[in-house]
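K.L.:
Can you read through this structure? Questions will come right after.
The values are calculated or read from the model by the stated rules, or taken from the named source; none is laboratory data. No experiment lies behind these values; they were computed from the predicted model shown. Because the Cβ atoms are built from the backbone with ideal geometry, glycine has one as well, and the counts that use them run over all protein chains shown. Only protein heavy atoms, including side chains, enter the accessible area calculation; ligands, DNA and RNA are left aside. Shrake-Rupley method; radii C 1.70, N 1.55, O 1.52, S 1.80 Å.
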Amino acid sequence: MAEHGFGRQVGRRRHLLGIAGLDPGQIRAALDLAETYISLNRQGGPRDVMRGRTLMNLFFEASTRTRTSFELAGKRLGADVINMTTAGSSVAKGETLIDTAMTLNAMHVDVLVVRHDQSGAAALLAQKLDAAVINAGDGTHEHPTQALLDALTIRRHRGTLENLTVAICGDVLHSRVARSNIHLLTTMGSRVRLCAPPTLLPAGAARLGVEVHTDMRAALKGADVVMMLRLQRERMGSSFVPSAREYFRFYGLDAAKLALAKPDALVMHPGPMNRGIEIDSAVADDLQHSVIQEQVEMGVAVRMAVLDLLTRDLRRNV
Ligand code: ASP
């Protein structure tokens, strides 16, 4: 672990707000620790790491995998876990993000896991709270634990994160998963190819240090990993694709397109999947290639590692 610790220092605590700014040593150390948590998670976890600490999940957007895996990770480490969704909270009555945060602060939460539809929400909370803040997805900005769990999954299959060719395909424009993965994979020395219809590519994508493609065949040729992204209709004011059928034809991953990648290419998807839109069901379920379920398991191990790393200062201070 780099001497300065994991994550970014804001105020008195360290936070995980994004992958941008993490160096290869920090990423490697987090993945190494997560590796040890894979078996500890299967055995029920070391319950003393966060004993007496409070973990709050604050989700302003829908989530299945991320929220439940943070909950499980916290419980495996012995934390008291509180889940708050906006329905049923004062947020539904119009309370601002900062007011909600200050209320939580008064309750002495140690770690706040937050998902919000505004980019920058997690960074804002990190400035206002005494808790360590973990970004569980902020708008189209970043989703750092997703990139870490993707990296752990890739590394377990390929043994390295260097010199790989990773094709990230689909709705790149709205994807925080894509942004966090671009930072992580390029930091670790892999090549990233983005592939999307022109309407779903962010302006200035080429400046991110990646190859940009609109032709899926070129993007997939010889790839080690094919990472598919969901069409994020909830972030689209108007229609960005002519029809789901046409989108699948040109940008959906089916067996014929996958055949262009390396014979042992990994197929990944952060979930939730739109089967038949960005990925064919048969490809998603083909365990020769698909590691989609393994990504979910690695999510718990990675989140245990991140919680452990961000609460080390509390253990030192007792
Ligand atoms: N679950 C991921 C996220 O929250 C990907 C997605 O929703 O498509 O960003």
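K.L.:
Does H174 fit the bill of being of a type outside the set (A, V, I, L, M) and touching a Gly at 6+ places or on another chain (Cβ under 8 Å)? Break it down into steps so the answer makes sense when it comes.
P.N.:
Values: of a type outside the set (A, V, I, L, M): yes; touching a Gly at 6+ places or on another chain (Cβ under 8 Å): no.
In short, no.
K.L.:
Among what's in the range 55-79 and is part of a helix (DSSP H, G or I) and within 15 Å of the ligand (Cβ to nearest atom), pick the residue that is surrounded by the most Cβ atoms within 10 Å (Cβ to Cβ).
P.N.:
Filtering the range 55-79 for residues part of a helix (DSSP H, G or I) gives 65-76.
Right, trim to within 15 Å of the ligand (Cβ to nearest atom) and you get 65-70.
On the way: R65: 16, T66: 24, R67: 19, T68: 15, S69: 24, F70: 30.
Going through the qualifying residues, I end up with F70.
K.L.:
Looking only at the range 243-258, which residues are open to solvent by 50 Å² or more (accessible area, probe 1.4 Å) and within 15 Å of V172 (Cβ to Cβ)?
P.N.:
F250
K.L.:
Scan the range 104-118 for residues that are surrounded by 13 or more Cβ atoms within 10 Å (Cβ to Cβ), free of Cβ contacts under 8 Å to residues at least 60 places away in the same chain and farther than 26 Å from H174 by Cα and jot them down.
P.N.:
L104, N105, V109 - these are the residues of the range 104-118 that are surrounded by 13 or more Cβ atoms within 10 Å (Cβ to Cβ), free of Cβ contacts under 8 Å to residues at least 60 places away in the same chain and farther than 26 Å from H174 by Cα.
K.L.:
So, in the range 282-296, how many residues would count as being without any contact (Cβ under 8 Å) to a residue 40 or more places away in the chain and under 16 Å from G170 (Cβ atoms)?
P.N.:
4
K.L.:
Next up: Looking at the structure I just gave you, is A305 within 30 Å of R13 (Cβ to Cβ) and in contact with a Leu (Cβ under 7 Å, 6 or more places away or on another chain)? Talk me through it step by step, then tell me what you get.
P.N.:
Working: within 30 Å of R13 (Cβ to Cβ): yes; in contact with a Leu (Cβ under 7 Å, 6 or more places away or on another chain): yes.
Answer is yes for this residue.
K.L.:
Return the total of residues in the range 14-47 being among the charged types (D, E, K, R), under 29 Å from L104 (Cα atoms) and modelled with pLDDT under 95.
P.N.:
Filtering the range 14-47 down to residues among the charged types (D, E, K, R) leaves 14, 23, 28, 32, 35, 42, 47.
From the residues that got through so far, the ones that are under 29 Å from L104 (Cα atoms) too are 14, 47.
Then drop every residue that is not modelled with pLDDT under 95, which leaves 47.
Of the residues in that region, 1 qualify.
K.L.:
If you don't mind, there's one more thing I want to ask. Here is a list: Q232, Q293. Which entry is within 16 Å of the ligand (Cβ to nearest atom), within 30 Å of A73 (Cβ to Cβ) and open to solvent by less than 80 Å² (accessible area, probe 1.4 Å)? It would help to see each step written out before you state the result.
P.N.:
Values: Q293 fails: open to solvent by less than 80 Å² (accessible area, probe 1.4 Å).
So the residue among Q232, Q293 that is within 16 Å of the ligand (Cβ to nearest atom), within 30 Å of A73 (Cβ to Cβ) and open to solvent by less than 80 Å² (accessible area, probe 1.4 Å) is Q232.
One line per residue, one yes/no per condition, for (1) out of contact with any Lys or Arg (no Cβ under 9 Å at 6 or more places or on another chain); (2) in contact (Cβ under 8 Å) with a residue 60 or more places away in the chain; (3) crowded, with 17+ Cβ neighbours inside 10 Å:
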position: V241; (1), (2), (3): yes, no, yes
position: L260; (1), (2), (3): no, no, yes
position: R275; (1), (2), (3): yes, no, no
position: M298; (1), (2), (3): no, yes, yes
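K.L.:
Tally up the residues in the range 262-273 that are within 16 Å of the ligand (Cβ to nearest atom) and open to solvent by 30 Å² or more (accessible area, probe 1.4 Å), please. If you could, list the steps in order and put the result at the bottom.
P.N.:
Within the range 262-273, the first condition is being within 16 Å of the ligand (Cβ to nearest atom), and the residues that meet it are 267-273.
Now drop any that are not open to solvent by 30 Å² or more (accessible area, probe 1.4 Å), which leaves 272-273.
The number of residues fulfilling the criteria is 2.
K.L.:
Could I ask something else about it? What residue, of D286, D308, is in contact with a strand residue (DSSP E or B) (Cβ under 8 Å, 6 or more places away or on another chain), at negative phi and not β-branched (V, I, T)? Quick ask: steps written out before the conclusion?
P.N.:
Numbers: D308 fails: in contact with a strand residue (DSSP E or B) (Cβ under 8 Å, 6 or more places away or on another chain).
Exactly one residue qualifies, and that residue is D286.
K.L.:
Testing G52 on (1) open to solvent by less than 30 Å² (accessible area, probe 1.4 Å); (2) part of a loop (DSSP other than H, G, I, E, B), one condition comes back false. Which one is that?
P.N.:
Looking at each condition in turn, G52 falls short on (1).
K.L.:
With respect to L253, determine if the residue is more than 16 Å from the ligand (Cβ to nearest atom) and within 28 Å of H157 (Cα to Cα). Write out each step before concluding.
P.N.:
Working: more than 16 Å from the ligand (Cβ to nearest atom): no; within 28 Å of H157 (Cα to Cα): yes.
So L253 fails the test.
K.L.:
Counting only residues that are under 23 Å from Q127 (Cα atoms) and modelled with pLDDT of 90 or more, which one in the range 80-100 is surrounded by the most Cβ atoms within 10 Å (Cβ to Cβ)?
P.N.:
Result: V81.
K.L.:
Which one of the conditions (1) surrounded by 17 or more Cβ atoms within 10 Å (Cβ to Cβ); (2) of a type in the set (S, T, Y); (3) within 16 Å of the ligand (Cβ to nearest atom) does Y37 fail to meet, given that it meets all the rest?
P.N.:
Of the numbered conditions (1) surrounded by 17 or more Cβ atoms within 10 Å (Cβ to Cβ); (2) of a type in the set (S, T, Y); (3) within 16 Å of the ligand (Cβ to nearest atom), the odd one out for Y37 is (3).
K.L.:
Another question, if that's okay. Looking at the range 80-99 only, could you name the residues that are within 20 Å of D130 (Cα to Cα), over 22 Å from the mean Cα position of the chain (by Cα) and not in a helix (DSSP H, G or I)?
P.N.:
Listed by number, the residues that qualify are D80, E95, T96.
K.L.:
So, one more: With the checklist (1) open to solvent by less than 50 Å² (accessible area, probe 1.4 Å); (2) out of contact with any Asp or Glu (no Cβ under 8 Å at 6 or more places or on another chain); (3) more than 20 Å from C195 (Cα to Cα) in hand, flag the one item L314 doesn't pass.
P.N.:
(2)
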